[in-house]
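Here is the structure we will look at, set down as structure tokens.
Read-outs: derived from the displayed coordinates by stated rules, not from any lab. Treat the numbers as computed from the prediction; the structure is a model and nothing was measured. Don't worry about glycine lacking a Cβ; one is built from the backbone with ideal geometry, like all the others, and counts go over all protein chains shown.
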Amino acid sequence: MTPKPTLRTEAAARRAALARACPDFAQRIAAHIDELDVPKNAVVSFYWPMGDEADPRALAYALAASGATLALPVLKTKREPLIFRRWQEGEPLYAHAFGMQEPGERAQELVPDVLLVPLLAFDARGHRLGYGGGFYDRTLASLAQKRAIGIAFSGQEVAELPIHERDHPLDMVATERGLRRFR
């Protein structure tokens, strides 16, 4: 099987092309909000997209409009799970050293019920290829009973990804073509 660093390079190039081909991605996945079955009072974490990442913001805003509380990930240390801080549309964000946009330190720390997760690729078993830092795998392992939804262009699906015992599968992936459920 192809090594993960090579897969990451190939997947990043594929995702960049897919992002250019689908400029209305965010609105298209937001149209699938009812299929997600997110409770109205759920805490939903999402990410602020960087570069050509699939954009979850329209979906997150739609979830907030239906009663969900939004949170964004915060990177405290390289070897620990992410933490999540409450954020509402219009509140300021601050750039982390890795380029992530994060709420301020005074924002309330929350534990998400549902996580919208970025990825480079996913397979038919629900495994995701991340960026190699392990942040989401550590986080998903620490929140094992929470729902993890990958956000991806449908063309990011690959036949099979190599997995390790620390890799945490997704429950579903939301794409511009609809939802893929795995568990």
Roughly what would the spin-label model give for Ala21 and Arg8, points 7 Å off Cα along C-beta, in nm?
2.4
Return the lysines within reach of Lys40: Cα separation strictly under 18 angstrom, same-chain partners fewer than 8 residues apart disregarded; answer none if there are no such residues.
Lys146
What is the set of long-range amide H partners of Lys146 at a cut-off below 5 Å, with H atoms built 1.01 Å from backbone N?
none
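Taking other Cβ within 10 Å of each residue's Cβ, how do Tyr61, Tyr47 sort, fewest first?
On the way: Tyr61 17, Tyr47 22.
Going from sparsest to densest Cβ surroundings: Tyr61, Tyr47.
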DSSP loop GluC sites (Glu not before Pro) with at most 11 other Cβ within 10 Å: longest gap in the chain
1-88
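If you take every DSSP beta bridge fully contained in the stretch 1-141, what fraction is antiparallel? Give it as a percent rounded to 5.
Values: 10 of 15 bridges.
Taking every DSSP beta bridge within the stretch 1-141, about 65 percent pair in antiparallel fashion.
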Tell me, how many Å apart are the Cα centres for the stretch 58-86 and for the stretch 1-35?
20
Dipole moment magnitude, nearest 20 debye, the chain about Cα centre, only Lys, Arg, Asp, Glu C-beta charged
300
Given H placed on each backbone N at 1.01 Å, which residues far from Arg128 in sequence or on other chains put an amide H within less than 5 Å of it?
Leu170
Between the residues Tyr136, Ala68, Gly51, the Cα farthest towards the positive end of the dipole of the chain, that dipole coming from +1 and -1 charges on the beta-carbon of Lys, Arg, Asp and Glu, is from Tyr136
Convex hull around the C-alpha positions of the chain: the volume in Å³ per residue is 114
Label-point separation, Phe182 to Phe98 (7 Å along Cα→Cβ), nm:
1.9
